[in-house]
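A quick write-up on the structure given underneath.
The values are calculated or read from the model by the stated rules, or taken from the named source; none is laboratory data. Since this is a predicted model, take the numbers as computed values, not measurements. Every residue, glycine as well, gets a Cβ built from its backbone with ideal geometry; the counts of neighbours run over all protein chains shown.
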Amino acid sequence: MLRRRAQCNRPATRPRGLLGRVLCSLVGTLVAVLILRTWLIEGLFVPLVVSSGSMAPGLLGVHRQLECADCGWKFACGTDLPVEYSRVACPNCGYADNDLKSATDTAGDRLLIDKAAFSFRPPNRWEVVAFRDPERAARILVKRIVGLPGEAVEVRFGDVYADGQIQRKTLAQLRAMAVPVHDVRFSPTREPVPKPRWSGEKPTSRWRGSDGRMVHLGGQPAVAGDEPPPMDWLVYRHWHRKAGDSGEVYHGPIDDRTGYNQAQPRHYGEINSVTDVLLSFRLTATGDRGGVAVRVTDGRNRLSVRLALDSDRWSAWHNGRQIADGTFAREELEPAGGVQVEVALVDCRFLMALDGRTRFAFTLDPPQQRPRGDDEPVAIGSEGAAVEIRDVRLCRDVYYTQIRGIDRSGGDGGAARLGDNAFFVLGDNSPISRDSRRWPQGGGVSGELLIGRPIRAFSATTPIGW
């Protein structure tokens, strides 16, 4: 009776026997083929090649790969537009006589499109997407989403605003978009050897550098009584070297020029000072006294963070006022490994991370006038502490130039209002990118034109435009 009842409770529509199993197998195979065809063969595994540098340095178009004849730094120079200069400067050390003409063209980066990326979620701000050109549907473009449906998007002083609010990036997003400025491991050696970009603020500085490392000897005496020893600053200065053998150098604020764009001339009035920077280095303490500090300034705000080695505490400061504090584990700074320190002043936010974990983030009021920058934007200080720092890298944030119709003083009135299914997209290499800033009808890209998320590949057939 139990067996009979179980048989009666089976669904009447369930396939039975060999025929049913065959039908189920055929249906499953058909579904799998459709998924593979739609998401993989026609999307994820379609090879594409980047034909321009609108997303450089993250994605490269046709370019020439150079190795600096002085410091050995490797960098790319775009050649998707006519080459007008034969000599280019190294972004890392400023050596200005690298031979561009003798280098050969290299094809752009290869990509695959993950067509399934946005099947179950909408794209996020700061995400790179592939889509069809709003003006030429047969052409595929790759840009970064900075504005979401329904927002009024503006660009002010290099930063993105939506509905009047500055849009900030996470630390992971900062790393992904960072533009290299200087790596201390690559030092110039050609005579006349220029001044080092990192050097002691005072002639009596106890900072020493060699083999890509910088060491503070420690042991500075106190100034008077129980006062702590003065901060000995190791300062970054953005030196430039003029072409030729004169050895003439000059320094100024970090700007939005890149090694990639050097093949085409750029008017001096179009160059912008960049105050958004990310400094990273590995810190090892060889003593347990004093403190280590990092200072960052945009010419308007002076911010710093200090690690006190004798108390295992950190503190952050803004224009002389303490804004945050906390603790860290002393073992993090032991010579066996040290700690990875990251300090950023980007998108009007000051933050510090130790070993990839953000310890604090302090937001600042956006500027009302164009920031001028500072000749000494970052510095690392020792307060009597014996420390070693290595792998010192300085990067800047992407600097977006303004939307067509907005005057360069940063006034509003040029915001692009997006529709309910439209996205505002920009190329990271803003000076040469054709994107939402220049398209008619508000510049928004319809969600129906989105293809997917680009990922790197090894071969290509279809060009991506700029």
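Out of the residues in segment 411-431 that are hydrophobic (A, V, I, L, M, F, W, C) and at pLDDT 90 or above, state the one that is surrounded by the most Cβ atoms within 10 Å (Cβ to Cβ).
That would be Phe424.
Can you name every residue in segment 197-208 that is without any contact (Cβ under 8 Å) to a residue 24 or more places away in the chain and either surrounded by 17 or more Cβ atoms within 10 Å (Cβ to Cβ) or of a type in the set (Gly, Ala, Ser) (or both)?
Answer for segment 197-208, where residues must be without any contact (Cβ under 8 Å) to a residue 24 or more places away in the chain and either surrounded by 17 or more Cβ atoms within 10 Å (Cβ to Cβ) or of a type in the set (Gly, Ala, Ser) (or both): there is none.
Please return the ranges of strands (runs of 3 or more DSSP E) entirely within segment 22-101 where 2 or more residues are touching a strand residue (DSSP E or B) at 6+ places or on another chain (Cβ under 9 Å) and modelled with pLDDT of 90 or more.
Qualifying strands (runs of 3 or more DSSP E): 63-67, 74-78.
From the list Thr170, Thr189, which residue is within 17 Å of the chain's Cα centre (by Cα) and polar (S, T, N, Q)?
Among Thr170, Thr189, only Thr170 is within 17 Å of the chain's Cα centre (by Cα) and polar (S, T, N, Q).
Return yes when Asp407 is out of contact with any strand residue (DSSP E or B) (no Cβ under 6 Å at 6 or more places or on another chain), modelled with pLDDT under 95, in a loop (DSSP other than H, G, I, E, B) and not polar (S, T, N, Q) and no when it is not.
yes
Restricting to segment 358-382, name every residue that is touching a strand residue (DSSP E or B) at 6+ places or on another chain (Cβ under 9 Å), surrounded by fewer than 20 Cβ atoms within 10 Å (Cβ to Cβ) and over 20 Å from Arg321 (Cβ atoms).
Thr358, Arg370, Pro371, Arg372, Asp375, Glu376
Can you name the residue in segment 310-340 that is modelled with pLDDT of 90 or more and assigned to a loop (DSSP other than H, G, I, E, B) and, of all such residues, is surrounded by the most Cβ atoms within 10 Å (Cβ to Cβ)?
Across segment 310-340, the extreme among qualifying residues is Asn319.
Restricting to segment 188-239, what's the tally of residues that are of a type in the set (Gly, Ala, Ser), in a strand (DSSP E or B) and modelled with pLDDT under 90?
Residues in segment 188-239 being of a type in the set (Gly, Ala, Ser), in a strand (DSSP E or B) and modelled with pLDDT under 90: 2 in total.
Can you tell me how many residues within segment 344-366 are part of a strand (DSSP E or B), of a type in the set (A, V, I, L, M, F, W, C) and touching a residue at least 60 places away in the same chain (Cβ under 8 Å)?
5
Could you check, for segment 280-291, whether at least one of its residues is closer than 23 Å to Phe75 by Cβ and touching a residue at least 12 places away in the same chain (Cβ under 8 Å)?
Looking through segment 280-291, at least one residue is closer than 23 Å to Phe75 by Cβ and touching a residue at least 12 places away in the same chain (Cβ under 8 Å).
Of everything in segment 160-187, what is part of a strand (DSSP E or B) and either surrounded by fewer than 21 Cβ atoms within 10 Å (Cβ to Cβ) or of a type in the set (A, V, I, L, M, F, W, C) (or both)? Give them in sequence order.
Val160, Tyr161, Ala162, Gln165, Ile166, Val179, Pro180, Val181, Asp183
Taking segment 96-135 only, how many residues are among the small types (Gly, Ala, Ser) and closer than 15 Å to Phe423 by Cα?
Total meeting the criteria: 1.
If I ask for residues that are within 22 Å of the chain's Cα centre (by Cα) and closer than 17 Å to Asp183 by Cβ, which ones from segment 73-95 would you list?
Hits for segment 73-95 are Trp73, Lys74, Phe75, Ala76, Ala89, Cys90, Pro91, Asn92, Cys93, Gly94.
Quick one: what pairs do we get from segment 155-167, first residue in contact (Cβ under 8 Å) with a residue 12 or more places away in the chain, second in a loop (DSSP other than H, G, I, E, B) and of a type in the set (S, T, N, Q), C-beta under 6 Å, 6+ apart or different chains?
Matching pairs, first to second residue: Val155/Gln402; Val160/Gln167.
Can you tell me which of (1) under 20 Å from Met55 (Cβ atoms); (2) modelled with pLDDT of 90 or more is the one Lys115 doesn't meet?
Looking at each condition in turn, Lys115 falls short on (2).
State the number of residues belonging to segment 131-159 that are in a strand (DSSP E or B) and either in contact with a Leu (Cβ under 7 Å, 6 or more places away or on another chain) or of a type in the set (Val, Ile, Thr) (or both).
The number of residues fulfilling the criteria is 12.
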